[in-house]
Amino acid sequence: MTGVKLLSGGNPQIAKGDGPGPVMAWLDAAPDWRGSHARAVDELVSDLVPGVQRAVRWNSPFYGVAGQGWFLALHCYTRFLRLTFLNGAHLTPLPPGPSKDPNTRYLDIPETGIADDAQLRDWVRQAAAKPAWDGF
């Protein structure tokens, strides 16, 4: 996508918006392998979570379930694509990356890709089934 500013670490600057349009704009603008990995995560979430809701907030795509809140967000960094499980402290096993927020856990996907696809699928299913962040 042309005309989209890439912020520090390569994260696309996309205006706040609800629905698949802003998320698709973010995915189209995400650079290199990070964009490919982000598209794969988007497809995985679409396959596993019927009726998933999408939005862009703070230049990041968010995924949620109506009535339960947002459970996942994506963000590009220079060396990885970060998946933020907003209710990650309630997943088993815990995603590896701790956060200052006691409910949040991270999974960083490097250029080499997702290390354990089955585990990622399980975390997405678990996260979508639990109450999540309803902060906006």
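Bear in mind these aren't lab numbers, they're just calculated from the coordinates by the rules spelled out. Note that the structure is a prediction, hence the values are computed from the model and not measured. Neighbour counts are summed over all protein chains in view; Cβ atoms, including those assigned to glycine, are modelled from backbone coordinates with ideal geometry.
Brief remarks follow.
- Charge dipole of segment 8-129 about the Cα centre (unit charges at C-beta), most positive-ward option of Gln68, Gly21, Ala38: Gln68
- Long-range tail of P(r) for the chain (Cα pairs > 19 Å, %): 45
- Mean Cβ neighbour count within 10 Å, used as a protection proxy, ranking 42-55, 91-104, 74-87 highest first: 74-87, 42-55, 91-104
- Relative contact order (%) - the chain, alpha-carbon pairs under 8 angstrom, separation at least six: 21
- Chain lengthening between Ser36 and Asp117 when straightened (0.36 nm per residue, less Cα-Cα): 27.7 nm
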